[in-house]
Amino acid sequence: LLEPDGKSQISEYPITNILFCCRGAESTHEFDCFAFNTGHGRRDNEIFQCHVFRCEVPEAVEKILLCFAQAFRRVPRSPSSIYTPPPTPTKDLSNLFTFDVGLDIKEDVDGKGGYNHVPKEKNCFKLRQDYVKKVIVTVQQTSNMELVIERCFGLLLAPGRNVKHADMHLLDMVSMGCSGDSRSNVISGEWDPAGFEVLNTETPKGTRVFMTVAVDLVIAGIQEPVRFRIETKVRIFPPTERFWYFNKKPIHEQFYLTLKEVPSEVENEQAFEVVNLISETELERRRATHTLQPHAVPLEHSNSTPTPQDEDEDNDEPLLSGFGDVSKDCEEVILENWGDALAKWRTNMNNKPKQITSLARKGIPEALRGEVWQLLSGCHDNEDLMEHYRVLIARDSPAEKVIERDINRTFPAHDFFKEAGGLGQDALYKISKAYSVYDEEVGYCQGLSFLAAVLLLHMPEEQAFAVLVKIMYEYGLRDLFRNDFDMLHTKFYILERLLEVSLLGSLIFTFVNFIGYLKSHN
Amino acid sequence: MAKQYDIIIRLLMVGDSGVGKTCMLCRFADDDISSTHVSTIGIDFKIKTLTIDGKKIRIQIWDTAGQERYETITKQYYRRAQGIVLVYDMKNEESFKNIQKWMKYISDFAPEDVELILVANKSDAYNSERKVSKEHGEMFAKEHRIPFYETSAYMDMNINEAFIMLARIVMKRHKKEIDKQMEHIRLFCREDSDAHIIEKQGKDNNGCCVLM
């Protein structure tokens, strides 16, 4: 920030300390303003400041924000540059080394050394009691000047996570060598189940325990051994357990190693000291405790400039079907507008504020959906229906079996619904059943559970039921399901005819253009 | 761009709700078995390209909702099917009994020359869970002169075999049209050995045979 004469500096903020910036909304008094906030200090006593500026030339605001957006994009998204303590210079990545570390576990299935991969579900290994196990760790450097890994100093194991150094147990090392393509180091060790009681005790159904594996590596040029720790979850089954589905891929973890060059005792050789070694998971965890999101894009331009979040979405985990996750991001201004409108609405429930319609058309922010949906559908004073719900859930339904079959097939990957017999599935079952009793004609129809599930994610059971009833009866959805989908077929028909008409229209349009083109080139 | 296939065939999967139609299909088309399949609402489809007897076959498989009330929608897809996979769950006797009902729909709505196979899914079941014996399934299949398979989408048993068998009998049934088309494609090759011409022709002509 410079004085108007452009020579002296008023203040300076490192880009990595800027958390968020935005501009005033169009056609408001703040139109020519922009603001950003910064954070300093450590996590536990961080200080936040908000800086607001007014520009003499309103058009400049846009340019400034674009500059911000570009600057944000240029700073590497690797959180190591944002959240690690100051010694990591963000501009200079020459001291940052990244590693890919893989972890795999095998079991001696025949007692004679015939090792088989243990199955894995998500990031959880499924182990069986009493089998001798082999832990295999692969370490591969993925960036920067190549460091030579001289040897493995030790392979360690312990139940739990955030385990202290002293609590980890050294495993008998079997081997260390290079992989086939000689790009990564493979360290494997044998693990006698008797030595780790916690990891040899059957885990109760649906629970899992943490386990930490560490390797101490001696790297040329670094005096102290470098310890890579991977934490993972395991479930332990009885020795007789059979597994059907085998996912044999090892789990992988990224590590960021920051080194500092120190005076070397041997001439012509570089010597380093470890400044910091952190795993991606740990970074994620730290990032999660930071509730702030690095937003960098001016509000009015979110369509034209890619946000830094775009890069985040590039993760390797395949999207499971029925994931059903919703973006929780919402810009401050929009929330404020909603806040105003809702406050007005609450004072007089029968008088819906005008701005609600236009706000709703832009999408209702995730956090407000529960309330807004209830208000919009007129469920705020529906005590009767909610009371009735409590009666309905006690009744039997002829569709019980069908519903049961669908419950674990409704958003099966969603955290709230994935657990068999969990809270989510239980509520879903009750709502679907209650509706099938309430509406005898439609009863339960496949697809209904998805609708109920979406509502359940935003509001308690009774309210969700009330809104479901409203949607079905007052918003015409029920008509689609009735009479063998008669209305649905009609709508399909209408859609097809409309498509025909509009396609025909665009065909004619193209044809006319083509004739025009021919004429002009004749 | 060269055509990725020579021939398209259309298959359809029918059977009661929850017998594992979607699971079988995902296993066959994507080699994926995750516990997270959502219930099929209405209709869905997947595509897989295979080489059978030197011909590149694109198999289009339509997956239907098993729930009764969706029948008005799913019935509309019978007409275009060349092969139908009838699926029941060997742990569920009702689903086996209902094969009769599905057969009736097929005779009412599917083309006359449609080929069928009968599949008893969930063969990973323990013996105590099994409600429909292999003999019963086989007998039914024999009566109707259709191939019979016991499969497990979960353990990937017999899934490929079943689908490929159906593809083969569909191809055999439509051998005449296919041979004509293949000859057509081959002729292009002979007329002009320059590969890109074939491609071009292929594009203009779709270079493939769509069996209706």
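Residues in the stretch B:10-21 that are closer than 16 Å to residue B:65 by Cα and within 12 Å of the chain's Cα centre (by Cα) were compared, and the one that is nearest to the other protein chains (Cβ to nearest Cβ) is B:21.
Out of B:75, B:122, B:55, B:48, one residue alone is of a type outside the set (A, V, I, L, M, F, W, C) and over 26 Å from residue B:8 (Cβ atoms). It is B:122.
Residues of the stretch A:223-257 being of a type in the set (D, E, K, R) and modelled with pLDDT of 85 or more, which ones?
The initial filter retains those residues of the stretch A:223-257 that are of a type in the set (D, E, K, R), namely A:224, A:227, A:229, A:231, A:233, A:235, A:241-242, A:248-249, A:253.
Scanning the stretch A:223-257 gives A:227, A:229, A:231, A:233, A:235, A:253.
Filtering the stretch B:44-54 to residues that are within 13 Å of chain A (Cβ to nearest Cβ) and under 12 Å from the mean Cα position of the chain (by Cα) leaves only B:46. Check the stretch A:131-139 and report whether any residue there is closer than 21 Å to residue A:231 by Cα, modelled with pLDDT of 75 or more, in a loop (DSSP other than H, G, I, E, B) and under 32 Å from the mean Cα position of the chain (by Cα). Checked the stretch A:131-139: no residue is closer than 21 Å to residue A:231 by Cα, modelled with pLDDT of 75 or more, in a loop (DSSP other than H, G, I, E, B) and under 32 Å from the mean Cα position of the chain (by Cα).
Quick grid of which residues meet (1) of a type in the set (D, E, K, R); (2) away from chain A (no Cβ under 14 Å); (3) in contact with a Pro (Cβ under 7 Å, 6 or more places away or on another chain); (4) surrounded by 15 or more Cβ atoms within 10 Å (Cβ to Cβ):
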| position | (1), (2), (3), (4) |
| --- | --- |
| B:157 | no, no, no, yes |
| B:170 | no, yes, no, yes |
| B:173 | yes, yes, no, yes |
| B:183 | yes, yes, no, no |
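Any residue in the stretch B:78-93 that is hydroxyl-bearing (Ser, Thr, Tyr), in contact with a helix residue (DSSP H, G or I) (Cβ under 9 Å, 6 or more places away or on another chain) and within 14 Å of chain A (Cβ to nearest Cβ)? Scanning the stretch B:78-93 turns up no residue that is hydroxyl-bearing (Ser, Thr, Tyr), in contact with a helix residue (DSSP H, G or I) (Cβ under 9 Å, 6 or more places away or on another chain) and within 14 Å of chain A (Cβ to nearest Cβ). Considering only residues that are within 12 Å of chain B (Cβ to nearest Cβ), polar (S, T, N, Q) and in contact (Cβ under 8 Å) with a residue 60 or more places away in the chain, which ones fall in the stretch A:382-425? Across the stretch A:382-425, the qualifying residue is only A:410. Looking at the stretch A:151-163, is at least one residue within 30 Å of residue B:36 (Cβ to Cβ), out of contact with any helix residue (DSSP H, G or I) (no Cβ under 6 Å at 6 or more places or on another chain) and crowded, with 16+ Cβ neighbours inside 10 Å? There is no residue in the stretch A:151-163 that is within 30 Å of residue B:36 (Cβ to Cβ), out of contact with any helix residue (DSSP H, G or I) (no Cβ under 6 Å at 6 or more places or on another chain) and crowded, with 16+ Cβ neighbours inside 10 Å. Counting the residues of the stretch A:426-450 that are within 13 Å of chain B (Cβ to nearest Cβ), assigned to a helix (DSSP H, G or I) and not hydroxyl-bearing (Ser, Thr, Tyr) gives 3.
Look at the stretch A:152-174: where a residue is in contact (Cβ under 8 Å) with a residue 24 or more places away in the chain and assigned by TED's automatic domain parsing to the domain that holds residue A:224 and a partner is among the small types (Gly, Ala, Ser) and surrounded by fewer than 15 Cβ atoms within 10 Å (Cβ to Cβ), sitting 6+ places away or on another chain with Cβ atoms under 9 Å, you get A:157/A:195; A:169/A:195; A:171/A:195.
Assess whether residue B:41 counts as being within 13 Å of another protein chain (Cβ to nearest Cβ), farther than 30 Å from residue B:133 by Cβ, of a type in the set (A, V, I, L, M, F, W, C) and surrounded by fewer than 21 Cβ atoms within 10 Å (Cβ to Cβ). It would help to see each step written out before you state the result.
Working: within 13 Å of another protein chain (Cβ to nearest Cβ): yes; farther than 30 Å from residue B:133 by Cβ: yes; of a type in the set (A, V, I, L, M, F, W, C): yes; surrounded by fewer than 21 Cβ atoms within 10 Å (Cβ to Cβ): yes.
Considered against the rule, which asks whether it is within 13 Å of another protein chain (Cβ to nearest Cβ), farther than 30 Å from residue B:133 by Cβ, of a type in the set (A, V, I, L, M, F, W, C) and surrounded by fewer than 21 Cβ atoms within 10 Å (Cβ to Cβ), residue B:41 comes out as yes.
In the set (1) in contact with a strand residue (DSSP E or B) (Cβ under 8 Å, 6 or more places away or on another chain); (2) part of a loop (DSSP other than H, G, I, E, B); (3) facing another protein chain (nearest Cβ under 8 Å), residue B:70 fails one condition alone, (2).
To keep it simple, each residue is scored yes or no on (1) outside any loop (DSSP other than H, G, I, E, B); (2) within 13 Å of chain A (Cβ to nearest Cβ).
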position: B:37; (1), (2): no, yes
position: B:56; (1), (2): yes, no
position: B:74; (1), (2): yes, yes
position: B:105; (1), (2): yes, no
position: B:113; (1), (2): no, no
position: B:116; (1), (2): yes, no
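Scan the stretch B:76-95 residue by residue and report those that are more than 24 Å from residue A:402 (Cβ to Cβ), of a type in the set (Lys, Arg) and either touching a residue at least 40 places away in the same chain (Cβ under 8 Å) or in a strand (DSSP E or B) (or both). B:80, the sole residue that qualifies. Evaluate the stretch A:484-497: report whether one residue or more is exposed (fewer than 12 other Cβ atoms within 10 Å of the Cβ), hydrophobic (A, V, I, L, M, F, W, C), in a helix (DSSP H, G or I) and outside the structural domain of residue A:453 (by TED's automatic domain parsing). For the stretch A:484-497, residues exposed (fewer than 12 other Cβ atoms within 10 Å of the Cβ), hydrophobic (A, V, I, L, M, F, W, C), in a helix (DSSP H, G or I) and outside the structural domain of residue A:453 (by TED's automatic domain parsing): present.
The values are calculated or read from the model by the stated rules, or taken from the named source; none is laboratory data. What you see is a predicted model, and the numbers here were worked out from it, not measured in a lab. In this analysis, Cβ positions are derived from the backbone assuming ideal geometry, glycine residues included, and neighbour counts consider all displayed protein chains.
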